[in-house]
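Here, each number is a calculation from the coordinates, and none is a lab measurement. What you see is a predicted model, and the numbers here were worked out from it, not measured in a lab. All Cβ positions, even for glycine, are placed from backbone atoms using ideal geometry, and neighbour counts span all protein chains on display.
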Amino acid sequence: MRIALVTSRSFPEANWHDGDTPLVAEQLTARGATAAVVTWDGDESVDWAGYDAVVLQSPWSMWRQEARFAAWLRARQAEGTRLLNPADAVALGSDKRYLPRLGAAGVPIVPTLVVERPTAGELREAFPPAGSPRRTVVAKPVAAGGALGAREFTINELPQLVAYAAELGTAIIQPYVHAIDTHRELGVLTLDGRVSHAITKAAILRPGDATRAFHPDPQPYRSFTPRQEQVITRSYAALRGLLTREPLAVRLDFIIAPDSPAGLLLLEVEMVAPVKFFAHFPAECAAYAEAILARAGGVTPPRR
């Protein structure tokens, strides 16, 4: 089998890196497949239809070239490419307006406001209440990954927040949940609809520090509490209800918030090409390679 592992000519930030793809290529090669690492935004003569599967690994330059990537995606669909993740998951994951939809389905999410014509009044209401340990909000583009374009604002910076939200066109506004500073972020990876593995990460946004680490301090997370398992199961079920086909892999990013009713708050879902942290999970990397080959061979994963 011939498998294309899709990356970018360059990433949006200098410190972004793809540690997963070489490990996936090694696992595919060990199973007799030909694994080619190909840039989606590079050589336009690539015969994508000549691959048994095209796997989105790190096409992250898409966040700076949204229209071009959308055209590339349409072209792959038109030629019948076996695209992983499937195109509907890629389309949904490219627009964070899925978050309110998941919230409406009963998923405990970080409160999320979608604004197109921001006013000071509505944005003021998005801030945590007075007396909160970190009374700020985060504004981010509706289409972005890796905290790209995310900026934190205090209540005293309300005019700047309004201006930045207007600059973004359509913006996502979320209160800063200070529990992340103590309890960290929980990233839960799924494979063919089942939980594969999980990591915790440190907070990316730090007061007075404009630098952004790329998935800072990832640590394996080996055991969920029963309450966490319930939230994760409910969250994935609601996500799956928005999709036509089972994704190959997604990462659900939660804030661990023990004082909240659910104990977890969904921050976002990486559905296009999530970092999977396979350096920490070699067995799960092998399972991922096998899932790719199964789909490349036309094997449909069972509905979970």
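Annotations for the structure displayed:
- Unit charges at the beta carbon, dipole of the range 112-232: most positive-side option, THR225, VAL188, THR200: THR225
- Residues in the range 212-249 that a label on ALA14 would reach, taking backbone N under 13 Å of a point 7 Å out along Cα→Cβ: 212
- Nearest-20 debye value, the range 113-175 charge dipole, Cβ charges on Lys, Arg, Asp, Glu: 140
- Dipole magnitude (debye, nearest 20) for the chain, charges at Cβ of Lys, Arg, Asp, Glu: 600
- Ranked packing of 115-125, 262-272, 86-96, 291-301, most packed first, by mean Cβ within 10 Å: 262-272, 86-96, 291-301, 115-125
- Of the trypsin sites (Lys or Arg not before Pro) found in the range 210-260, the ones in coil according to DSSP and having at most 10 other Cβ atoms within 10 Å of their Cβ are ARG222.
- Taking the Cα centre of the range 59-126 as origin and assigning +1 to Lys and Arg Cβ atoms and -1 to Asp and Glu Cβ atoms, the resulting dipole is close to 180 debye.
- Gain in span if fully extended, GLU66 to LEU242, counting 0.36 nm per residue against the direct Cα distance: 61.2 nm
- Angle in degrees between helix 282-296 and the longest Cα principal axis of the chain, rounded to the nearest 10: 60
- For the chain, with +1 on Lys and Arg beta carbons and -1 on Asp and Glu, the positive-most of TRP72, VAL138, VAL38 along the dipole: VAL138
- On full extension, the segment bounded by ALA91 and ARG227 gains 45.9 nm, given 0.36 nm per residue less the C-alpha separation.
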